[in-house]
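Accompanying notes for the structure given below.
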Amino acid sequence: MNQKYYVTIGLEIHAELKTNTKMFCSCKNDPDEEKPNVNICPVCMAHPGTLPVINKKAIENVIKVGLAVGGNIADFSEFDRKNYFYPDIPKGYQISQYKYPIVSGGHFADMDITRIHLEEDTGTNKHIDGDTSTTPSTGFSLIDFNRAGVPLMELVTEPHTFESADVASKVASNFAKELQLILWYLDVGEANMEKGEMRVEANVSISPDKDKKWKNYVEVKNLNSFRSVERAIKYEVERMTELFELGKEIEIVKETRGWDENKQKTFSQRKKESSEDYRYFPDPDLPKMKLHEAFDLEAMKKALPELPSAVRKRLVTYGIKQEDANLLAAEPELRLEFEGTLFCFKEFFGDKIIPYDPRYAIAIANFTLSDIQAILKKDPKKGLVNVDQLAILIRKFVDGQISSRVVKDLIARLIYERPDDLEEILIKENLIQNNNPEELKEIVQKIISENQQVVATYKAGKENAIMSLVGKIIKESNGSANPQIVIKLLKEMLTRS
């Protein structure tokens, strides 16, 4: 394959918003409802004579997102009817926005935003497979309308051109991840992709000319994970590239394609509609909106929380790695554990240590992102470690009073058993490390005498053999011997012997 192809992508991301009720009626907005068709009413089921009423909280949520990403909040906005028929749309049309979206412009995570608008979600289809050998097939479909009418934010990006599928897919995935974080930080949506609360659609095209895009693109739907976003884009680029190489680029048509997670490939669904096909027109049942009058935008902007990008920048100032800062910013619970513990050093120890000493921050990040996170993944309901107690553990560890093994064991106990007196445990169970070389020499000499074959191996040039002796010494000391001091003593005593 000699020809280089440039990849152009644009994203359309739908995210359900966190509100008490649906977009245009008083039905409960509950994504966790398991019983079908209970959160419905004549309005969201489009019974004749019913009238929709705008959910102001949903409008406010979209404005928050727009302010967070640097977008322009429209003064005038309205809702439109988007006409198309699917069984999961009770009205035969969807209330959406066309010419006057709530937000235009904005930028984050290396992509520019075209618009952010608000609409209502559809119901959910459940397909039951039957005996396909019979005529007609015994398969059937059911529809749950609990989701119909739920506030749905749609964010559309500008098309961006990249040098390769790898770069394009990574940027797209990172953008979706960052949007999910922004929704979490703003507390406007859960954005759980497994539940369908956030859905990504990728528009993909390729061209051998960087400045002249191919006239047709495909829209890939059903992308319900960040990994699927990356794989679907890469697959489409490979498929299109093969057609170009075979001289069949004319077969790249403007269409909607689905993503088959099991087969890891896309498949054709239907020709791509244009805006004319939807026959948009302003919804006559809903009032026009003057957003600058209805909302205090300056006050809303000032009230925005610290956003993920700012959090990451601040976390690295404590001395931790950028990678760890990224991980902590992506896990709000763990970030609160990290920062709460770090703050305890200033609260508890005052001028006795330097507040936010990098050694302590690094240790807190390491144990939080390894041991605490592992337990939370296994038992999400167990909760976090008390930050006061974790601060005591971390300080003793960094100061060389306890080993990392002791910290790991006690973190588990603090989560599962919730003991009150940590200091008593450390003393009663003899967990404080022995840092006195004079007291450890006797044990070191004893282990050397009892393991002459290991000593000979070490002296023959296999330096790793010394770790066998270290383990035996720590065991002999009931775990109290400081490994670093033990290693130093061993090397000194073995050199002399």
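Just so it is clear, none of the values below were taken in a lab; they were calculated from the coordinates. Predicted model only: the values in this text are computed from it and were never measured. When we count neighbours, we look across all protein chains shown, and the Cβ atoms used for this are built from the backbone with ideal geometry, even at glycine.
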Inset, instruction - Give the long-range amide H neighbours of Y6: residues separated by 5 or more places, or on another chain, with amide H under 5 Å away, using H modelled in the peptide plane at 1.01 Å from N. - result: S207, D209
Inset, instruction - Find the relative contact order for the chain and round it to a whole percent, using C-alpha pairs within less than 8 Å whose residues are 6+ positions apart. - result: 13 percent
Legend entry - Amide H contacts of K221 (H built 1.01 Å from N, under 5 Å, at least 5 apart or other chain): R257, G258, W259
Inset, instruction - Once you have a ≥ b ≥ c as the square roots of the Cα gyration tensor eigenvalues for the stretch 6-298, tell me rounded if a/c is under 1.5, and otherwise prolate or oblate according to whether a/b is larger than b/c. - result: oblate
Inset, instruction - Using the Karplus curve 6.51 cos²θ - 1.76 cosθ + 1.60 with θ = phi - 60°, work out ³J(HN,Hα) for each residue of the stretch 6-23 in order, rounded to whole Hz, and write x for Gly and Pro. - result: 8, 10, 10, 10, x, 10, 10, 10, 9, 9, 6, 9, 8, 9, 6, 10, 6, 5
Inset, instruction - Just tell me which lysines come within less than 18 Å, Cα to Cα, of K28; anything on the same chain fewer than 8 places away is out. - result: K18, K56, K57, K195
Legend entry - Pairs from K378/K475; K377/K408; K82/K265; K459/K491; K170/K248; K99/K288 whose Cα-Cα separation, in the structure shown, is over 18 Å: K378/K475; K82/K265; K170/K248
Inset, instruction - Considering the convex hull of the alpha carbon atoms of the stretch 127-276, report its projected area averaged over all viewing directions, in nm², one decimal. - result: 12.2 nm²
Legend entry - Under 10 Å, Cβ to Cβ, from A148 - net charge with Lys/Arg +1 and Asp/Glu -1: -1
Inset, instruction - Run the dipole for the stretch 437-496 about the Cα centre, Lys and Arg Cβ at +1, Asp and Glu Cβ at -1, nothing else charged, and hand back the magnitude in debye, nearest 20. - result: 200 debye
Inset, instruction - Select one label from [x] 250; [y] 178; [z] 230: the one whose number is volume of the Cα convex hull per residue in Å³ as derived from the coordinates shown. - result: [x]
Inset, instruction - Would you mind classifying the stretch 308-428 by shape? Square roots of the alpha carbon gyration tensor eigenvalues, ordered a ≥ b ≥ c; an a/c under 1.5 is rounded, otherwise it is prolate if a/b is larger than b/c and oblate if not. - result: oblate
Inset, instruction - Tell me, rounded to the nearest percent, the portion of alpha carbon pairs in the stretch 392-435 spaced more than 18 Å apart. - result: 16 percent
Inset, instruction - Treat every Asp and Glu Cβ in the chain as -1 and every Lys and Arg Cβ as +1, leave all other atoms uncharged, and give the resulting dipole magnitude about the Cα centre to the nearest 20 debye. - result: 920 debye
Inset, instruction - Scan around D30 for amide H atoms under 5 Å from its own, H built in the peptide plane at 1.01 Å from N, and keep only partners 5 or more places away or cross-chain. - result: none
Inset, instruction - Anything in the chain that counts as a DSSP H helix reaching 24 Å or more along its axis (C-alpha) with Kyte-Doolittle mean of at least -0.5? List them, would you? - result: 165-186
Legend entry - Normalised alpha carbon radius of gyration of the stretch 214-341 [divisor 2.2 N^0.38 Å]: 1.65
Inset, instruction - Using the Karplus curve 6.51 cos²θ - 1.76 cosθ + 1.60 with θ = phi - 60°, work out ³J(HN,Hα) for each residue of the stretch 114-131 in order, rounded to whole Hz, and write x for Gly and Pro. - result: 7, 7, 10, 10, 10, 8, 9, 7, 9, x, 10, 8, 10, 9, 10, 6, x, 7
Legend entry - Helical contribution to [θ] at 222 nm, DSSP H n ≥ 4, -39,500 (n - 2.57), averaged over the chain, rounded to 500: -12000 deg cm²/dmol
Inset, instruction - Neighbouring Cβ atoms within 10 Å as the yardstick, rank R147, R496 fewest first. - result: R496, R147
Legend entry - Rounded if a/c under 1.5, otherwise prolate or oblate - the stretch 437-496, Cα gyration tensor axes: prolate
Legend entry - Ranked T122, T317, T50, T341, criterion: other C-beta atoms within 10 Å, fewest first: T317, T50, T122, T341
Legend entry - Cβ crowding within 10 Å averaged over residues, with 70-79, 267-276 ranked highest first: 70-79, 267-276
Inset, instruction - Taking the Cβ of each residue in K265, K126 as the centre, tally the other Cβ atoms inside 10 Å and list the residues starting with the fewest. - result: K126, K265
Legend entry - Radius 15 Å from Cβ of T124, net charge of other residues (Lys, Arg +1; Asp, Glu -1): -4
Inset, instruction - With only Lys, Arg, Asp and Glu charged, each at its Cβ (+1 for the first two, -1 for the last two), find how big the charge dipole of the stretch 6-298 is about the Cα centre; round to the nearest 20 debye. - result: 420 debye
